Amino acid sequence: MIDDRGPVVHQALLIHRLIELRRGNGLTQEKVARSLEWSHAKLMRYEGGTQVLPKADLDALLDLYGVLGSGRGRKLQEIGRRARDKPWWYPHRHAMTVEERYYVGLEMGAARIRQCAPALVPGLLRTRDYAHALCSMVDPGGEVSTLVDVLMGRQGVMLTRSPVPEQVYVLDEAVLRRIVGGPGAPGVMVRQLYHLVERSASVQLRIIPEEAGLHFGALGGFTLFDFDEGLPPVLHTEHRGRVVASKKEEDVHSYAEAFDRLVEEHALDTRRSLALIEHHARRLQSRGGVSPDTGGEGAESPGNGVGEAPAGAADQEPVPPRHLQITNDRTSPP
């Protein structure tokens, strides 16, 4: 089976294994650097993941640690080779920040992804039109088409990975209500909502209804990446447009517990979550006469507007059907 976890995760795995070997041999960074006539800073860059190990330097470390030529050593050489590969998004790297490239690299190699999204649809679940509208607003003078192509590429990579990583998404209901694409083009949002329903066949979607009130996720979105082969999980937090990565055990544990509480105490179950998504899709359709199909009758490109809404639709929100009505008793059947 082809290992398709990508260079970022292979680099992390290589570093993890090399540090284990160094410590298993009772060596400090200073002793290793002296033995190989390297500067201490050079070894720190390698073990810190800020510089990819060239083959010659990797072989020198494997020789020092006594595994060069062994099965273990050959496996680490193969991991090192994969860590030196160019990622699929390399031709578009100029359009991505360092943080974004690291995030996409972790995403590509994760075994499980848990994400809390209080404001916008998660990237891996966006339609092209939704992504285009969002990128156009955030960076109107930038390389919008390139950024959208990268996002579509991320989705394609995720769908073709084997095995496909487990994915759990917790969305605030505000995400479903916020019309990305503008009030004049509700078709963008209608198609996005139906796309979420389609994607629910392969990912777990949980919605926190507005009746749940304030919750931990409202403070900012975050993503937890879990990996195979003993690699520690990584936390990505978002606050005021700033994305921060952390491998600190206390940070990861705190956010993992918070995510579990969101799922268990605040979010609707899967069935009711999907019903709520469909309700908001129908609500928008009734206001704009929009087809859920991209090429269907009434569908519009972003910013083109739609035909007249049914009489009174703009003034009266449809009442959700009985099975959608939210009660305070989360355990009661829908």
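Table for the structure above
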{"read-out": "Built amide H within the under 5 Å cut-off of GLN167, gap 5+", "value": "ILE113, GLN204"}
{"read-out": "Per residue, in Å², the accessible surface of the stretch 14-135 once ligands and nucleic acids are set aside, probe 1.4 Å", "value": "49"}
{"read-out": "Proximal charge balance of ASP172 [Cβ under 14 Å; K/R count +1, D/E count -1]", "value": "-1"}
{"read-out": "Stokes-Einstein D (µm²/s) once Rh is taken as the Kirkwood radius of the stretch 49-98 over alpha-carbon pairs, at 10 °C in 1.306 mPa s", "value": "128"}
{"read-out": "LEU219 accessible area, 1.4 Å probe, all protein chains in place, Å² to nearest 10", "value": "120"}
{"read-out": "Ordering of 165-174, 137-146 by burial proxy (mean other Cβ atoms within 10 Å per residue, highest first)", "value": "165-174, 137-146"}
{"read-out": "Net charge of neighbours whose Cβ lies under 13 Å from the Cβ of MET152, counting Lys and Arg as +1 and Asp and Glu as -1", "value": "+1"}
{"read-out": "From the C-alpha gyration tensor of the stretch 12-146, square roots of 5λ in Å", "value": "39, 15, 14"}
{"read-out": "With DNA, RNA and ligands ignored, accessible area of TYR90 (1.4 Å probe; Å², nearest 10)", "value": "80"}
{"read-out": "Gained length - ASP63 relative to ARG23, 0.36 nm times residue gap less alpha-carbon distance", "value": "12.9 nm"}
{"read-out": "Heavy-atom SASA rank of PHE227, PHE259 (probe 1.4 Å, accessible area, largest first)", "value": "PHE227, PHE259"}
{"read-out": "Gain in span if fully extended, ARG178 to ARG81, counting 0.36 nm per residue against the direct Cα distance", "value": "30.4 nm"}
{"read-out": "Spacing of the two label points (7 Å from each Cα toward its C-beta) at LYS55 and LEU214, in nm", "value": "5.8"}
{"read-out": "Accessible surface of the stretch 24-183 [probe 1.4 Å, protein heavy atoms]: carbon and sulfur percent", "value": "54"}
{"read-out": "Accessible-area value, MET152, 1.4 Å probe, nucleic acids and ligands omitted, Å²", "value": "40"}
{"read-out": "Where labels lie 7 Å past Cα in the beta-carbon direction, separation of TYR90 and MET44 in nm", "value": "2.9"}
{"read-out": "Bins of 10 Å, starting at 0 and running to the largest distance - Cα pair percent for the stretch 180-270", "value": "13, 33, 40, 13, 2"}
{"read-out": "Inter-probe distance in nm under a simple model that places probes 7 Å from Cα toward Cβ, at SER202 and THR97", "value": "2.9"}
{"read-out": "For q = 0.11, 0.16, 0.19, 0.21 Å⁻¹, Debye-computed log10 I/I(0) when each Cα of the stretch 101-224 counts as one equal scatterer", "value": "-0.38, -0.83, -1.18, -1.41"}
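The values are calculated or read from the model by the stated rules, or taken from the named source; none is laboratory data. Worth saying up front: this structure is predicted, and the values here are computed from it rather than measured. Glycine gets a Cβ as well: all are built from the backbone with ideal geometry, and neighbour counts include every protein chain shown. The protein model used for the area step is the full one, side chains on, heavy atoms only, and it has no ligands, DNA or RNA in it. Shrake-Rupley method; radii C 1.70, N 1.55, O 1.52, S 1.80 Å.
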